[in-house]
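What follows is a single structure, written as structure tokens, with notes after it.
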Amino acid sequence: MNLDKLKDMTVEELVELKQDIDKLISQKQKEQTKNLVEEFKVKAAKLGLTMEDIMGLESNKPRKTKGKKVAPKYQNPNDKSQTWTGRGRKPLWVEEALKKGKKLEDLAI
């Protein structure tokens, strides 16, 4: 837009134009956010994940156990330093053990 045209506008016209621009910017930002969320959902689904998995949330609710320590229930038999509480996504070492035919009970501490 040519700025010379703006100089000829009244204050009221400029204020109205600014409000229209602000409204349009807000609409475009919401649209971009919606598109980005949809893009993330598609990418997550391709990996077998949900947005809740990625965000570390449970159905978009605040985490109830925030700040609470939970004792581990499972341990990697090949590396005792690797443990898992049984909450959240399974660590890779758990998934690999299950694929090899082990049961979750086999990994219990």
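The values are calculated or read from the model by the stated rules, or taken from the named source; none is laboratory data. Computed from a predicted model, the values in this text were never measured in an experiment. Reconstructed Cβ throughout: ideal geometry from the backbone, glycine too, with neighbour counts over all protein chains shown. Each accessible area value is taken on the protein alone, full model and side chains, heavy atoms only, with ligands, DNA and RNA left out. Shrake-Rupley method; radii C 1.70, N 1.55, O 1.52, S 1.80 Å.
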With all protein chains modelled, accessible area of ASP4 [1.4 Å, Å²]: 90
Accessible carbon and sulfur surface of the chain relative to its total accessible area, %, 1.4 Å: 53
Total charge dipole magnitude, the stretch 1-56, about the Cα centre, Cβ charges on Lys, Arg, Asp, Glu only, Debye to nearest 20: 320
Debye, to nearest 20: dipole size of the chain, +1 on Lys, Arg Cβ, -1 on Asp, Glu Cβ: 1120
Most mobile of GLN32, GLN75, GLN19 in a GNM of the chain (Cα contacts under 10 Å): GLN19
Residue among VAL94, LEU3, ALA44 farthest towards the positive dipole end of the chain, charges placed on Cβ: VAL94
Accessible-area value, THR33, 1.4 Å probe, nucleic acids and ligands omitted, Å²: 80
Rounded FRET efficiency, nearest 0.05, which uses the C-beta distance separating LYS30 from ARG89 and R0 of 35 Å: 0.70
Within straight-line cross-link reach of LYS73, lysines at Cα separation under 24 Å, skipping those fewer than 8 residues along the same chain: LYS64, LYS90, LYS99, LYS100, LYS102, LYS103
Per-residue [θ]222 nm for the chain (sum of -39500 (n - 2.57) over DSSP H runs n ≥ 4, rounded to 500): -16000 deg cm²/dmol
Extension gain from GLU105 to ASN2, taking 0.36 nm per residue of separation minus the Cα-Cα distance: 29.9 nm
Heavy-atom accessible area ranking, 1.4 Å probe, most first, across GLU95, GLU39, GLU31: GLU31, GLU39, GLU95
Approximate spin-label separation GLU38-MET55, in nm, with each point projected 7 Å along Cα-to-Cβ: 1.8
